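Presented below is the structure to which this report refers.
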Amino acid sequence: MLFRRGRPHAETWVHDHARSVLAGRASVVAAAIRRKATRNHLDAAKRKPADTAAAYLLNKKPYLDYPTALARGWPIATGVIEGACRHLVKDRMDRTGARWSLAGAEAILKLRALGSNGDFDAYWAFHLAKERQRVHAARYANGIIPHR
């Protein structure tokens, strides 16, 4: 534990270091976490969460380029993104005994995304029109299907 429970400066420390990660200084924050664990004379078991957090920041540094993401307007709320991935991907694809081809999995995920975004009805109308064109209209002169 880097701080005793209820210490007011703990929240400030975490806030400041979270801002540093957002500023692209994940390595600096990893070093600060390890330094704090060392200064607190934590034994190996007690410092393990700190070392794990520091290792995560160092290992994921290429993916923690928040300055670029923020400048480009990309979402960085990983909880939101991970929740969407769980909702769209894991809940559907991670079924006991399920086997997916890449094409099949991609098709299902696209349909799930359309449903989740509320765009399925518009997509389905588009799909039916394209299928009608491909299967029927393309076979007749000027795309006009004769009526019986």
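Within region 7-27, identify whether any single residue is of a type in the set (D, E, K, R), assigned to a helix (DSSP H, G or I), open to solvent by 70 Å² or more (accessible area, probe 1.4 Å) and over 30 Å from TRP74 (Cβ atoms), and answer yes or no.
Checking region 7-27: not a single residue is of a type in the set (D, E, K, R), assigned to a helix (DSSP H, G or I), open to solvent by 70 Å² or more (accessible area, probe 1.4 Å) and over 30 Å from TRP74 (Cβ atoms).
Taking TRP124 as the residue in question, decide whether it is open to solvent by 100 Å² or more (accessible area, probe 1.4 Å), aromatic (Phe, Trp, Tyr) and not in a loop (DSSP other than H, G, I, E, B).
Taking the combined requirement at face value, the residue satisfies it.
Being in contact with a Leu (Cβ under 7 Å, 6 or more places away or on another chain) and assigned to a helix (DSSP H, G or I) is the filter; apply it to region 34-52 and report the residue that is nearest to TRP74 (Cα to Cα).
Selected residue: ALA50.
Among (1) closer than 30 Å to LEU22 by Cβ; (2) not hydroxyl-bearing (Ser, Thr, Tyr); (3) not in a helix (DSSP H, G or I), there is one condition ILE145 misses while meeting the rest; what is its number?
So the condition that ILE145 fails would be (1).
Hey, does region 100-112 have a residue that's loosely packed, with under 15 Cβ neighbours inside 10 Å, among the hydroxyl-bearing types (Ser, Thr, Tyr) and more than 30 Å from TRP124 (Cα to Cα)?
no
Consider region 79-99. How many of its residues are under 20 Å from ALA18 (Cβ atoms), of a type outside the set (A, V, I, L, M, F, W, C) and surrounded by 11 or more Cβ atoms within 10 Å (Cβ to Cβ)?
2
With the checklist (1) part of a helix (DSSP H, G or I); (2) touching a helix residue (DSSP H, G or I) at 6+ places or on another chain (Cβ under 8 Å) in hand, flag the one item PRO62 doesn't pass.
Failed condition: (2).
Are any residues in region 53-77 open to solvent by 70 Å² or more (accessible area, probe 1.4 Å), of a type outside the set (D, E, K, R) and closer than 17 Å to ALA18 by Cβ, and if so, which ones?
Hits for region 53-77 are TYR56, LEU58, TYR63, LEU70, PRO75.
The values are calculated or read from the model by the stated rules, or taken from the named source; none is laboratory data. Bear in mind the structure is a predicted one, so any value in this text is a computation, not a measurement. Note that we place each Cβ from the backbone using ideal geometry, even for glycine, and neighbour counts take in every protein chain shown. All accessible areas refer to the heavy atoms of the entire protein, side chains included, with ligands and DNA or RNA removed. Shrake-Rupley method; radii C 1.70, N 1.55, O 1.52, S 1.80 Å.
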